Ligand SMILES: O=C(O)[C@H](O)COP(=O)(O)O
Ligand SMILES: [Mn+2]
Ligand SMILES: [Mn+2]
């Protein structure tokens, strides 16, 4: 129902805060969070889908993630996303018929050179899928490529915390088969994804530099094989989860097996952009690149699985076209001259700006948009579970008090970033910290005569234990301790309308098929507009 609230409207995204009845291992329920619990008990509380097909992923077995979640939140629509687009391009053969694949393979054949692949080696399907890599390796072999190298980033964040051996073994088997008939396909380097290569939003370029030295120059601690590296590195730091493992280089009697050389080609097989952009820039940019010293940069042709940033644009070459997200919430509100404010800390800043605006890094219109980034700490977030929630709230309170903005949006990263560490105690603290900041923020919204919509982009800290699918009980390590869960969940997410002055008319529709893509239409209705027909319908009765 179209209605115009008199004060500001604020969308609060509690990143990684899902909804499930179970209390065990659920930081949302275990935390001292009196305000959040009070809001959940209100009549304008419901839950929404935030995973699988409801956010454009291939199947309902796919957990949601921040990219697809914020795309849905910010566009009010469901688009086929990277995972699905790449599957389709491989299945239909369009990827291999495309000009970029041809250029890469032809160059390798012409130069008698090596085809390198780097990316996240798992089936998490958030940044990548191992099946995509396997399909490309097989195809390259069938087209005559004789030398390929895989630079394998170990996951433990979108999949179980200590599962790297599963994917490494699978990869070694595939590579062994492909190496028959005179081919030479091998793993050349690797490391934990939170230690090397996969930084995002320029939070820590040193990670990318470490990755560059391992993958490109073959510089790092050497091991005879990736599985031996994994075993040794785990032994050296008991309890370490895969994402935090140090980098490694594979070497034989002649030295490192896969430094990149002039004439080689390189494919980043991640489809998701945020954590692939910095490395792409290191490969593509010329002397203007100043983030770290790349040493002698080999003359390689580099391609991404997808275009990771449509505005830079980056990379120069990519295998699959990105989803073309149009008619976003921001594009709708700009011509209506609605002043907007978007804020988060570094780790989620791109989520609430770039992903929110349909993967657009520039503003739609400077005159109506203010963005604010609070620099994140550079630590493992179980050491600082409060993160920058207080500083973000300070800035939001000032923005509300200025009276300038009619629509504000914020992402609080705590539930997700602390959830990814697998540390339940820290996640419980994160939720308690969030509750205190929500108390401050909602008081300011009330004072400004406003309304808030509180939601999440997907679950994470709502399930901090790995559960056995059959018994529903927590899985145990060999020493009897509970196996921590570091990845997102498949759970629904909250949707709460906070309306202290009773401005909002009507209740919430009760439709279990509604997801977070339904929030944009709700937003514009509360701002006094009719939502575009192509958006998912509003949640207001
Ligand atoms: O990149 C990450 O940190 C995880 O793979 C996914 O987390 P996000 O989707 O919440 O960013
Ligand atoms: Mn998220
Ligand atoms: Mn996450």
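Scan region 341-367 for residues that are more than 16 Å from ligand 2 (Cβ to nearest atom), more than 18 Å from residue 65 (Cβ to Cβ) and in contact with a helix residue (DSSP H, G or I) (Cβ under 6 Å, 6 or more places away or on another chain) and the total you get is 3. If you go through region 508-521 one residue at a time, do you hit one that is over 16 Å from residue 407 (Cβ atoms) and at pLDDT below 95? Taking every residue of region 508-521 in turn, at least one turns out to be over 16 Å from residue 407 (Cβ atoms) and at pLDDT below 95.
Take residues that are surrounded by 16 or more Cβ atoms within 10 Å (Cβ to Cβ) and within 16 Å of ligand 3 (Cβ to nearest atom) and tell me which of the helices (runs of 4 or more DSSP H) falling wholly in region 1-110 contain 2 or more. Ranges flagged: 27-30, 66-75, 82-92.
Within region 438-451, not a single residue is closer than 30 Å to residue 517 by Cβ, in contact with a strand residue (DSSP E or B) (Cβ under 8 Å, 6 or more places away or on another chain) and within 16 Å of ligand 1 (Cβ to nearest atom). Evaluate region 411-425: report whether one residue or more is farther than 16 Å from residue 462 by Cα, in the same structural domain as residue 520 (by TED's automatic domain parsing) and buried (at least 19 other Cβ atoms within 10 Å of the Cβ). There is at least one residue in region 411-425 that is farther than 16 Å from residue 462 by Cα, in the same structural domain as residue 520 (by TED's automatic domain parsing) and buried (at least 19 other Cβ atoms within 10 Å of the Cβ). Could you list, in sequence order, the residues of region 127-175 that are out of contact with any helix residue (DSSP H, G or I) (no Cβ under 7 Å at 6 or more places or on another chain), more than 22 Å from residue 214 (Cβ to Cβ) and outside any helix (DSSP H, G or I)? Matches in region 127-175: 146, 160.
Of everything in region 72-108 that is touching a helix residue (DSSP H, G or I) at 6+ places or on another chain (Cβ under 6 Å) and closer than 15 Å to residue 127 by Cβ, the residue that is farthest from ligand 2 (Cβ to nearest atom) is 86. State whether the residues of region 393-404 include one that is at positive phi and away from ligand 2 (no atom under 16 Å from the Cβ). Among the residues of region 393-404, at least one is at positive phi and away from ligand 2 (no atom under 16 Å from the Cβ), which makes the answer yes.
For region 176-187, a tally of residues being in a helix (DSSP H, G or I) and either within 18 Å of residue 258 (Cβ to Cβ) or not assigned by TED's automatic domain parsing to the domain that holds residue 266 (or both) returns 2. Would you mind stating whether residue 190 is assigned to a loop (DSSP other than H, G, I, E, B) and touching a residue at least 12 places away in the same chain (Cβ under 8 Å)? Criteria not met by residue 190.
Just one of the numbered conditions (1) under 28 Å from residue 63 (Cα atoms); (2) over 20 Å from the mean Cα position of the chain (by Cα); (3) surrounded by fewer than 24 Cβ atoms within 10 Å (Cβ to Cβ) is not true of residue 408: (3).
Here is a yes/no grid of residues against (1) crowded, with 16+ Cβ neighbours inside 10 Å; (2) at pLDDT 95 or above:
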| position | (1), (2) |
| --- | --- |
| 444 | yes, yes |
| 451 | yes, yes |
| 457 | yes, yes |
| 460 | yes, yes |
| 470 | no, no |
| 486 | yes, yes |
| 500 | no, yes |
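The values are calculated or read from the model by the stated rules, or taken from the named source; none is laboratory data. Just so you know, these numbers come straight off a predicted model, no measurement behind them. Glycine gets a Cβ as well: all are built from the backbone with ideal geometry, and neighbour counts include every protein chain shown.
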